[in-house]
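The structure appears below as structure tokens.
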Number of protein chains: 2
Amino acid sequence: MPKSAAVPSPIREPLDGEAHLDFALIELLFFAYRDFTSDPDQMLDTYTFGRAHHRVLHFVNRVPGLTVAELLEVLKITKQSLARVLKQLIDTGHVVQVQGPRDRRQRELYPTHKGRTLALTLAQPQSERIAAALDGLAPGERKAVEHFLRNMVDEPWRSRVGLSPDALRGVAVAEDGQHGSE
Amino acid sequence: MPKSAAVPSPIREPLDGEAHLDFALIELLFFAYRDFTSDPDQMLDTYTFGRAHHRVLHFVNRVPGLTVAELLEVLKITKQSLARVLKQLIDTGHVVQVQGPRDRRQRELYPTHKGRTLALTLAQPQSERIAAALDGLAPGERKAVEHFLRNMVDEPWRSRVGLSPDALRGVAVAEDGQHGSE
DNA sequence: AAATTACGTCAGTAGTGTTGACATAATTCC
DNA sequence: GGAATTATGTCAACACTACTGACGTAATTT
């Protein structure tokens with residue numbers, strides 16, 4: 001006698017290369033990123049900061065003078081999401097705002113000495129992890145890793161990431177309705 | 001006359017290779033992962049599912065028969081976090097639980113046909129993105145990418161990821177106080 | 001002068017993660 | 001066989017990050 005609610009039959013075949021889908025690399029990316037973020041995440045707990053603070057701090061350090069609008073496009077988050085973490089970083093003296101010289105409506109974001117120090121501290125274990133993971137690879141193979149990662153990124157960012165920090169400035173992303181205000 | 005609250009001086013130097021830190025790759029990983037997850041995230045909105053559902057669904061499909069405890073160790077989340085999304089996946093008929101044959105306390109997790117189909121659908125754009133990013137690389141360079149990603153992962157997972165799905169079964173992680181119950 | 005832009009902020013909501021406590025059933029230990 | 005342990009589920013409370021929509025202000029552009 002079957003149960004009143006028929007249980008859909010469980011599938012017991014592991015998902016592997018069958019459908020020409022690259023499960024191995026999908027999984028590797030998940031695990032790599034999971035552990036890549038684990039060290040800074042742990043440190044940030046000390047400051048009552050989260051991963052969002054780290055990202056803001058990173059880009060403000062990497063591209064000092066970035067405006068709020070530019071930062072929103074880099075992070076692909078909304079104004080409201082940024083507001084909270086940015087306010088905390090300013091209140092704690094990690095970031096300062098400077099009125100834009102050309103357009104005084106703009107707020108250029110700069111790290112303070114404190115903010116720069118924290119950014120470097122957070123980048124340290126990540127950089128070590130990367131160096132260890134690259135260890136044993138030939139120069140050309142390192143280039144291949146960079147090529148792969150860069151080509152995982154959608155345009156218009158693909159052609160700008162992994163170059164000089166200034167390449168991240170002033171990317172006018174085509175309007176696509178993701179803004180907090182219109 | 002200085003203002004009453006002295007503004008910490010802004011640092012205007014971009015953060016680049018100065019401190020021997022690999023900011024380029026740190027950034028590439030951020031952008032690559034951001035866009036890697038964007039396609040499935042968008043699809044999942046249709047189902048009122050989030051990224052957490054995707055991860056559970058992926059591993060249940062990849063390693064059918066995985067127990068709840070094993071899944072918690074793979075995802076490195078707590079029991080409570082898993083409970084919510086797992087319940088939803090079961091209620092919507094994507095995943096079924098089967099009482100463990102050896103240990104009847106255990107619940108083995110299996111995808112249904114519906115769950116397998118969704119997993120494949122979500123993996124499709126990710127796999128295409130990976131294939132496109134690998135395009136133009138020599139076989140050895142692809143191996144280098146895998147080497148890099150695998151070595152970004154901490155042990156005991158490093159030696160298990162990117163191999164056969166079964167390698168993810170039964171990893172007894174050393175106790176480190178991250179459990180929901182003791 | 002009017003429209004637009006850059007930014008800030010208020011209110012409400014959702015998804016994902018956390019901790020701690022407690023309950024149940026099954027297994028293992030002595 | 002009784003006790004401790006294990007695997008799982010669940011309740012309550014909370015934190016962080018993200019979202020949407022609306023509104024306000026100052027500065028720029030038209």
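The values are calculated or read from the model by the stated rules, or taken from the named source; none is laboratory data. Every value quoted in this text rests on a predicted model; they were computed, and no experiment measured them. Every residue, glycine as well, gets a Cβ built from its backbone with ideal geometry; the counts of neighbours run over all protein chains shown. We work out accessible area using only protein heavy atoms, side chains counted, and drop any ligands, DNA or RNA first. Shrake-Rupley method; radii C 1.70, N 1.55, O 1.52, S 1.80 Å.
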Of the residues in region A:56-67 that are within 15 Å of DNA strand C (Cβ to nearest atom) and of a type outside the set (S, T, N, Q), the one that is surrounded by the fewest Cβ atoms within 10 Å (Cβ to Cβ) is A:Gly65
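So that you can scan it fast, the table gives a plain yes or no per residue for (1) more than 23 Å from A:Leu168 (Cα to Cα); (2) of a type in the set (S, T, N, Q):
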| site | (1), (2) |
| --- | --- |
| B:Glu18 | no, no |
| B:His53 | yes, no |
| B:Leu57 | yes, no |
| B:Asn61 | yes, yes |
| B:Val74 | yes, no |
| B:Leu82 | yes, no |
| B:Leu86 | yes, no |
Going through B:Thr92, B:Thr48 one at a time, which residue ends up being under 27 Å from B:Arg129 (Cβ atoms), surrounded by 15 or more Cβ atoms within 10 Å (Cβ to Cβ) and more than 17 Å from the chain's Cα centre (by Cα)?
B:Thr92
Taking region A:101-127 only, how many residues are surrounded by 14 or more Cβ atoms within 10 Å (Cβ to Cβ) and either within 15 Å of the chain's Cα centre (by Cα) or near DNA strand C (Cβ under 9 Å from one of its atoms) (or both)?
9
If you check B:Ala144 against the conditions, is it open to solvent by less than 20 Å² (accessible area, probe 1.4 Å), more than 16 Å from DNA strand D (Cβ to nearest atom) and touching an Asp or Glu at 6+ places or on another chain (Cβ under 7 Å)?
yes
How many residues does region A:140-171 contain that are polar (S, T, N, Q), at the interface with chain B (Cβ under 8 Å from one of its Cβ atoms) and farther than 14 Å from B:Arg34 by Cα?
1
Mind counting the residues in region B:1-36 that are modelled with pLDDT of 75 or more and farther than 23 Å from A:Val98 by Cβ?
16
Being more than 7 Å from DNA strand C (Cβ to nearest atom) and β-branched (Val, Ile, Thr) is the filter here; which residues of region A:68-82 pass it?
A:Val74, A:Ile77, A:Thr78
Residues of region B:16-52 classified as more than 20 Å from A:Thr117 (Cα to Cα), within 7 Å of chain A (Cβ to nearest Cβ) and touching an Asp or Glu at 6+ places or on another chain (Cβ under 7 Å), total
2
Just to be sure before I move on: is B:Val74 touching a helix residue (DSSP H, G or I) at 6+ places or on another chain (Cβ under 6 Å), within 15 Å of DNA strand D (Cβ to nearest atom) and either small (Gly, Ala, Ser) or open to solvent by less than 10 Å² (accessible area, probe 1.4 Å) (or both) in the structure I sent?
yes
Got a number for residues in region B:85-113 being more than 16 Å from B:Thr67 (Cα to Cα) and facing chain A (nearest Cβ under 7 Å)?
2
